[in-house]
Structure formats: structure tokens, C-alpha cells
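Contents: one structure, followed by commentary.
The values are calculated or read from the model by the stated rules, or taken from the named source; none is laboratory data. All figures in this text were calculated on a predicted structure; none of them were measured in a lab. Ideal geometry is used to build each Cβ from the backbone, glycine not excepted, and the neighbour counts take in all protein chains shown. Only protein heavy atoms, including side chains, enter the accessible area calculation; ligands, DNA and RNA are left aside. Shrake-Rupley method; radii C 1.70, N 1.55, O 1.52, S 1.80 Å.
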Amino acid sequence: MSDIDVHVCEVGLRDGLQMLSTFVPTATKLEWIRAEAAAGMREIEVTSFVPPKLVPQFVDAADVVQGALAIAGLTVLGLAPNLKGAERGVELGVHKLNFVMSVSRTHNLKNVRREREESVADFRRIADMLRTLPAERRPRLIGGLSTALGCSYEGPIAPDDVRRYAAALAEAGADEILVADTVGYADPNTVRSVFRQVMAEVPELPVGAHFHDTRGLGLANVTAALDCGVRRFDASLAGLGGCQFAPGATGNIVMEDLCFLLDSMGLRTGVNLEALVAVREIVARALPDTPLYGGLGRAGLPRGYVPAAQRAAAHSC
């Protein structure tokens, strides 16, 4: 029996840092990664394979990936915006590649300067390239659907569009589908509707969720996704991140609060909550002028709190 009920993936090192003008030193990034892995985090998106001239924060992608791959038991992810980025990720040896396209046509044009069908075609080229590799060198490919639950430009997104592009990425060769509320637009009812349709469309693939907390509904949306059977969630330490197309956004849902929510529900993540909160000190030192969010980081665990793993062990005795 697995000791994990819900898989969580740290995206702060990519999604959380990509918009910051302050360069976080490579040594600090690796300290952060090692500390979270030691706290039980099993998946971390450590960088993005974009040209450094576009996002200088990731000029050290090779060194960060190399350091992360040295951590036993850690699944290392990288964002691949296109075929060239995917080839770079393969060269460096990441375990997973995360490709993201926007369901919103306007957002896709502004974010990657391509029509949505061009993004699907590029994804297919990546999948075809990966199929030429020997199994031991082939990373898993995530098909990410950005702005799937709403867009700052277009407003509500038609669920049929989300379902259609999920099917297109699945047919092209995705190993996983990731549905993202990129600008924090969604509410629980929308989440239930969209995720049920997507999961029915691609029943053979695991479907994960990536929520932002722009309007304070991030964790409520997590519970709605759990109701649909979702068992993989992205989050960012201290809620770092955001989207340049969502003015006022407070970033991704807070990893510490997500893990506490899941644990309080009896769902094991494998993450030690107190050790995870302690990792915030590394980020605070590196980014003293950047706001750090999160209720657990502010208030700590409730007095006498017993983690889900201990409760499960006691129940099985």
C-alpha cells in the first residue's frame, strides 16, 4: 500500500521566481530544493528552459537541474515552452517535462505568441521526439492547460474548449494532463464542472490541478477538485508567483497551507509540515522584500495536532 494519498508538486522555483527581478543565487535555489526534499517533497519543478535573455532568473538552469538530480528520491521537473526547451530538458536529464498552452486564445497569443493549434502541433513534435528516446532517457510529458478556468482577457472559458484541448494533448502523447487556473478566476462549482468533463474525456490519464489564490478561493477549489478524484496538486512555498496577466494576483496557492489542508482531511502527502514551514526561512533570507503568504507559516500547527500518517498508523494497529 502506498504511503501517499495525494501527490503535491512544488512550483515556486519556477512559477514563483519567474517574474521576480531579483536573481536568486543558484546555491540558494539548491538549498531550498534540498530542504524541501528533506521535508518529504517528492516532486519539484526546479526551472524553466526558456532563453535566459527572456527570463534571466533561469540562466542557471543546467546547474540547478544537476544539483536537484543528485537528490535521491526526488522527481525533477522543468517547464518546456517549446521543442527546443524540451530538447534542453532531455539533455539535462529531467524526469518530467511540463508543457503549457493556454485554452484562452488571447492569453496564448500574448503569452507564447502562437495560435492554440500551433501549440498543439508543437506539443506533438515534442511527444514524437520523446518517443525516439530509449525508455531510460525518456521523461514523462505533462500537457498543461493554462487559463482553463477563466481568463483576465476573455472571462469565462467554455468547458468544451478545455475538454477538446485535453483530448488533443492526450492524443498527441501526453502522460499527464494538468488543468490550471492561471489567473485565479475559478470557483468550486466551475472546478467541479470542468474537472469532471476533462477526466471523463481522458480517463486513461492522471489529471492534476494548478490553482492560484487571486480571489481567496484557492483552497476551496482544491476541495472541489478532490471531490472529482484529483490526487495531484501544484503549489508554491509561501504563495510565491502570479501571472503578469492578472493584476493584483497574490500568486499560487500556498504549499504549506495546501499540505495542512490535505493532512487535516486525513490525506497523506509524505510531507512533514513543521519541516516544510521551516523552509520559508531560506526564501525570506533570499527575498527580504517579497511578501510571503500563508496561514500555517503565520500561526503554526494547532496545539496537540497529530499528522495524518500517525493517525493512520494508530488506526491500523
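Criterion first (under 17 Å from the mean Cα position of the chain (by Cα) and under 30 Å from residue 28 (Cβ atoms)) does residue 272 satisfy it? Spell out how you get there, then give the answer.
On the way: under 17 Å from the mean Cα position of the chain (by Cα): no; under 30 Å from residue 28 (Cβ atoms): yes.
In short, no.
Please count how many residues of segment 14-42 are in a loop (DSSP other than H, G, I, E, B), of a type outside the set (A, V, I, L, M, F, W, C) and in contact (Cβ under 8 Å) with a residue 24 or more places away in the chain. Explain how you work it out, then say what you get.
Of all residues in segment 14-42, those in a loop (DSSP other than H, G, I, E, B) come to 17-25, 39-42.
Still in the list and also of a type outside the set (A, V, I, L, M, F, W, C): 18, 21-22, 25, 40, 42.
In the following step, the residues that additionally are in contact (Cβ under 8 Å) with a residue 24 or more places away in the chain were identified as 18, 22, 25, 40, 42.
Total meeting the criteria: 5.
Identify the residue in segment 62-85 that is open to solvent by less than 10 Å² (accessible area, probe 1.4 Å) and over 17 Å from the mean Cα position of the chain (by Cα) and, among all such residues, is nearest to residue 31 (Cα to Cα).
Of everything passing the filter in segment 62-85, 64 is nearest to residue 31 (Cα to Cα).
Quick one: would you say residue 45 is among the charged types (D, E, K, R) and either on the phi > 0 side of the Ramachandran plot or in contact (Cβ under 8 Å) with a residue 40 or more places away in the chain (or both)?
On the way: among the charged types (D, E, K, R): yes; either on the phi > 0 side of the Ramachandran plot or in contact (Cβ under 8 Å) with a residue 40 or more places away in the chain (or both): yes.
So residue 45 fits the description; yes.
Would you mind finding the one in 94, 103 that is among the β-branched types (Val, Ile, Thr), surrounded by 21 or more Cβ atoms within 10 Å (Cβ to Cβ), closer than 30 Å to residue 73 by Cβ and under 18 Å from the mean Cα position of the chain (by Cα)?
Unique residue meeting the criteria: 94.
Which of (1) in a helix (DSSP H, G or I); (2) of a type in the set (S, T, N, Q); (3) out of contact with any helix residue (DSSP H, G or I) (no Cβ under 7 Å at 6 or more places or on another chain) is the odd one out, the single condition residue 98 does not satisfy?
Result: residue 98 passes all but (1).
Scan segment 178-192 and report the pairs whose first residue is in contact (Cβ under 8 Å) with a residue 40 or more places away in the chain and whose second residue is hydroxyl-bearing (Ser, Thr, Tyr) and assigned to a strand (DSSP E or B), with Cβ atoms within less than 6 Å and a gap of 6+ or a chain change.
Going by the 6 Å Cβ cut-off, the qualifying pairs are 180/146; 182/146.
Scan segment 14-39 residue by residue and report those that are touching a Ser or Thr at 6+ places or on another chain (Cβ under 7 Å) and at pLDDT 95 or above.
Residue satisfying the conditions is 14 alone.
When residue 11 is evaluated against the numbered criteria (1) out of contact with any Lys or Arg (no Cβ under 9 Å at 6 or more places or on another chain); (2) loosely packed, with under 15 Cβ neighbours inside 10 Å; (3) modelled with pLDDT of 95 or more, which criterion, by number, is the only one it fails?
Here residue 11 meets the rest and fails (2).
So, residue 258, is that one part of a helix (DSSP H, G or I), at pLDDT 95 or above and either touching a Lys or Arg at 6+ places or on another chain (Cβ under 7 Å) or crowded, with 23+ Cβ neighbours inside 10 Å (or both) or not? If you could, list the steps in order and put the result at the bottom.
Details: part of a helix (DSSP H, G or I): yes; at pLDDT 95 or above: yes; either touching a Lys or Arg at 6+ places or on another chain (Cβ under 7 Å) or crowded, with 23+ Cβ neighbours inside 10 Å (or both): yes.
Against the criterion (part of a helix (DSSP H, G or I), at pLDDT 95 or above and either touching a Lys or Arg at 6+ places or on another chain (Cβ under 7 Å) or crowded, with 23+ Cβ neighbours inside 10 Å (or both)), residue 258 qualifies.
In the set 70, 80, which member is of a type in the set (A, V, I, L, M, F, W, C) and free of Cβ contacts under 8 Å to residues at least 40 places away in the same chain?
Going through 70, 80 in turn, the sole match is 70.
Touching a strand residue (DSSP E or B) at 6+ places or on another chain (Cβ under 6 Å) and of a type in the set (A, V, I, L, M): does that describe residue 180? Spell out the reasoning first.
On the way: touching a strand residue (DSSP E or B) at 6+ places or on another chain (Cβ under 6 Å): yes; of a type in the set (A, V, I, L, M): yes.
Yes, satisfied.
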